[in-house]
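The values are calculated or read from the model by the stated rules, or taken from the named source; none is laboratory data. The shown structure was predicted, so the numbers you read here are calculated from the model rather than taken from an experiment. No Cβ is skipped: glycine too gets one built from the backbone with ideal geometry, and neighbour counts run over all protein chains shown.
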Amino acid sequence: MFTPTYAITPKLLANIKKISSLVTQLNSRTYPYVVLHKFEREARNLSAHASTSIEGNPLPLTDVKVLLKSQPEHIRDTEREVLNYNSALVWLDKELKESFPLSVTHAVIHKIHSLVMDNLMSEAQLHGYRNDPIFVNNPREGKTVYWPPDQQDVKKLMEELIQFANNNQKEIDPLLVSGIFHKQFVIIHPYIDGNGRTVRLVTKALLASMGLNTFNLFSFENYYNNNVTKYFEFVGERGNYYDIADSIDFTPWLVYFTGGIIDELLRVSKELENEGASPQTTLSDYEKKMLTYIDEHGFITDALYSTLTKRAKATRNIDFKKLLSLKTIRREGKGKATYYKRA
C-alpha cells in the first residue's frame, strides 16, 4: 500500500486556503463565451509550449502558436511533440466535460501517454508500462542521479498509486492528492519516455476534480517552465529508488506545487478581470435586467424585454445580438414565436 509521508505545515495550509478562496472567486463569476474560448485557446498554447519546453523542446511560444493554428502535414519531431500535447489537452478537456469527475485508471493514463508520444516511440511502448530498466541523468552534472524502480515492479506501484488517488479524494484535500500523485508518478517513471508530459496532464484531470471549473483556463506547466531547474529539484529524487523510497518526504514538493497553482490562478484571475471589462464583453444594466428576468422566469421575448426597458426595438435587437454573439443566451422558436433562454 502506498502511504506517502508529508506534513501540513503552516505554509502548505496557507496555500491550500488561498487556492480555495481563488477557486471560489473564479467559479462565482460568469464570463462571456468569447472570453472563455479565447482563454482556453491561449491556455492550451501556453501549456503545449511549456510542458514540451520543460523536456527540452526548443520551439519558442510564438512558433508554437503558429504551429497550432496552421496544423501542417509535414512536421519535425519537435513540432510533433507540441501537436501531440495539444491533442492530449483537447481530448482531456472533452473527457472531463462528458465524464466528470474523470476516474484515473491504467487505461486513462495509457491513453494520455499514447496521445503525447504518438509517432515518437514504437507502438508497443505506447500502450503499456515499460519493460526495460531506465535511469535519469542530470545533463549539467553529466552523470546519472536517479535509478527508478525495476520494470517488474512498475505495474504494482502504479496500481497502488491509482488506488491512492481514487480512494482518497474525499478523505484528503484534492490538492494534496494531485500533488502527491504527480511526484510519485515521476518517482516510479513508468514509461521509457514521456513521463513528465503524461503526469502533467493527469494532474490537470485530478485538479479538475476539486471543482475548479476554470481549470482549463490556466497553465500550471508555465510556472514550472519559468524555472525548470527548481521544478526538477522539487519533483525529482536522487539515488536508488529502493534505498530512498521509505524516506521520501513529499512536503517540500507540495508547498512548491500549491504555490505554482496560486501563481497561475492569480495571473488568470487578473487577466480575466481585465478582459471582462472591455466594452465588447461588459454587460449594461438593461442587459443584466434581461438575464435576471430569464433566470427568474426561464425565458424572455422581445415584448417582455420592452417592458423592462424604454429602449427602441432597433436597440433591443442590438442587445439580443450582443448576448447571442457572447453565447450568453440562445434563440428558440421563429417569427413572432421567438423567445430567448440561457445558453
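Of note:
- When W91, W147 are checked against the criterion of being modelled with pLDDT of 90 or more and either at positive phi or in contact with a strand residue (DSSP E or B) (Cβ under 6 Å, 6 or more places away or on another chain) (or both), a single residue qualifies: W147.
- When the helices (runs of 4 or more DSSP H) confined to segment 1-78 are screened for residues that are of a type outside the set (A, V, I, L, M) and under 25 Å from D173 (Cβ atoms), those reaching at least 1 such residues are found at 10-27, 33-54.
Here's the yes/no breakdown for (1) among the acidic types (D, E); (2) within 20 Å of L96 (Cα to Cα); (3) part of a helix (DSSP H, G or I); (4) not assigned by TED's automatic domain parsing to the domain that holds Y85:
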residue: V154; (1), (2), (3), (4): no, no, yes, no
residue: V177; (1), (2), (3), (4): no, yes, yes, no
residue: F181; (1), (2), (3), (4): no, yes, yes, no
residue: P190; (1), (2), (3), (4): no, no, no, no
residue: Y224; (1), (2), (3), (4): no, no, yes, no
residue: T229; (1), (2), (3), (4): no, no, yes, no
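- All positions within segment 117-137 that are without any contact (Cβ under 8 Å) to a residue 60 or more places away in the chain and farther than 27 Å from E79 by Cβ: N131, P133, F135
- Residue, modelled with the lowest pLDDT, within segment 122-144, restricted to residues that are surrounded by 13 or more Cβ atoms within 10 Å (Cβ to Cβ) and in a loop (DSSP other than H, G, I, E, B): G128
- Residues in segment 106-121 that are exposed (fewer than 14 other Cβ atoms within 10 Å of the Cβ) and either touching an Asp or Glu at 6+ places or on another chain (Cβ under 9 Å) or on the phi > 0 side of the Ramachandran plot (or both): N119 alone.
- From the list S114, S87, the lone residue that is free of Cβ contacts under 8 Å to residues at least 24 places away in the same chain and either part of a helix (DSSP H, G or I) or in contact with a Ser or Thr (Cβ under 7 Å, 6 or more places away or on another chain) (or both) is S114.
- Qualifying residue in segment 153-160 (condition: closer than 20 Å to K17 by Cα and over 18 Å from the mean Cα position of the chain (by Cα)): no
- Scope segment 38-94; condition farther than 21 Å from T198 by Cβ and among the hydroxyl-bearing types (S, T, Y); matching residues: T62, S70
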